[in-house]
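First comes the structure, then the notes that go with it.
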Amino acid sequence: MGSQQKKLEWKDALRLFVGATFLALALKYVFDPVVLVIEGVPGLAIIAHFAGESLFGFPVPLWLPVAVLNLPIFLFAGFVEGISRISRSILSWCILSVELAVLPDMPTLTENLLLVAIYGGLLFGAGTAVLLSSGASIGGTRLLAESLQHLAEKADIPWLRKIRPGPFASFLDGCVVVLGAVVFNLEHMLFAALCMYLIHVACNHIVSRGRKAKMALIISEENEMIAEYILDALGRGVTSIQATGMYEGRERSILFCVCSREEIAALKETVRRIDRRAFMVIGSVGEALGEGFIENWR
């Protein structure tokens, strides 16, 4: 959200539509019928829908609080960051609000809160991931937190700069879930917490769609032989990095290689066979994008 976005193409518009549709289906057909209050503005919308019917005798349409509560957030974000930077989020917010208004009512799919948390969490998380992958959101606490951070940097407000977007948005989301427990009961809050966890798991899994891999850093007197093995036998690229050992003040090269989890065992065994005194560091790579892994990722 912080960088200038490229021109909206039809593929991007389609992803925004799909992501917003997933959220609308989860809200209207999974969460709202059993009043499971999730995070942010959608959770407040569910509370408002229930409160309108129980307190005033008529249900507040679900789309109305989603549209109204997000409006000041988008106005603030537009003022701070500029309309062009949040244009995709505005479009996804409009799609979500319209779909909540026009989707027909259906019988409750299930009243089992565990199933609601699982199905709804995965569906809502998938929709959120699609929107984030397209550089958008539906507004809410995350957009508010990012806009406050941008305002702190733009206006040089020291105390506001201390507020980190991630923790602040999580705090606001937690307050909404606690409010749901006050309005309904503790059981709903516990399943809402499970649902939020599943939302983040599904979202992170889809956003980090690159292939998992292993990273190896190797320091050896036989770097040339090891590099030859990596290039020829494993078919992987390897980079030599010049470094200086601070203890001895000696310059030496470090081999850097990213390979699959299946190949790391063969690499370890080969390094041990070539140079038993080699020093090797192995780490996990969350995603590997590019040649030899996920190549069509742009």
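Descriptive notes on the structure:
- Pair list, Cβ under 7 Å, 6 or more apart: the stretch 57-77 residue over 14 Å from Gly40 (Cα atoms) and in the same structural domain as Leu23 (by TED's automatic domain parsing), other residue of a type in the set (Gly, Ala, Ser) and at pLDDT 90 or above: Pro61/Ala101; Trp63/Ser97; Trp63/Ala101
- Within the stretch 131-161, considering residues that are surrounded by fewer than 19 Cβ atoms within 10 Å (Cβ to Cβ) and in contact (Cβ under 8 Å) with a residue 60 or more places away in the chain, the one farthest from Phe79 (Cα to Cα): Ser133
- Filter result for the condition that a residue is touching a residue at least 60 places away in the same chain (Cβ under 8 Å), small (Gly, Ala, Ser) and not assigned by TED's automatic domain parsing to the domain that holds Leu44, over Ala192, Ala202, Ala216: Ala216
- Residues considered: Glu81, Glu39. Of these, the only one that is surrounded by fewer than 20 Cβ atoms within 10 Å (Cβ to Cβ), at pLDDT below 85 and touching a helix residue (DSSP H, G or I) at 6+ places or on another chain (Cβ under 6 Å) is Glu81.
- Among the residues of the stretch 228-264, the ones that are small (Gly, Ala, Ser) and under 16 Å from Val281 (Cβ atoms) come to 4 in all.
The values are calculated or read from the model by the stated rules, or taken from the named source; none is laboratory data. Keep in mind it's a predicted model, so treat the numbers as computed, not measured. Every residue, glycine among them, receives a Cβ derived from its backbone with ideal geometry; neighbour counts consider all protein chains shown.
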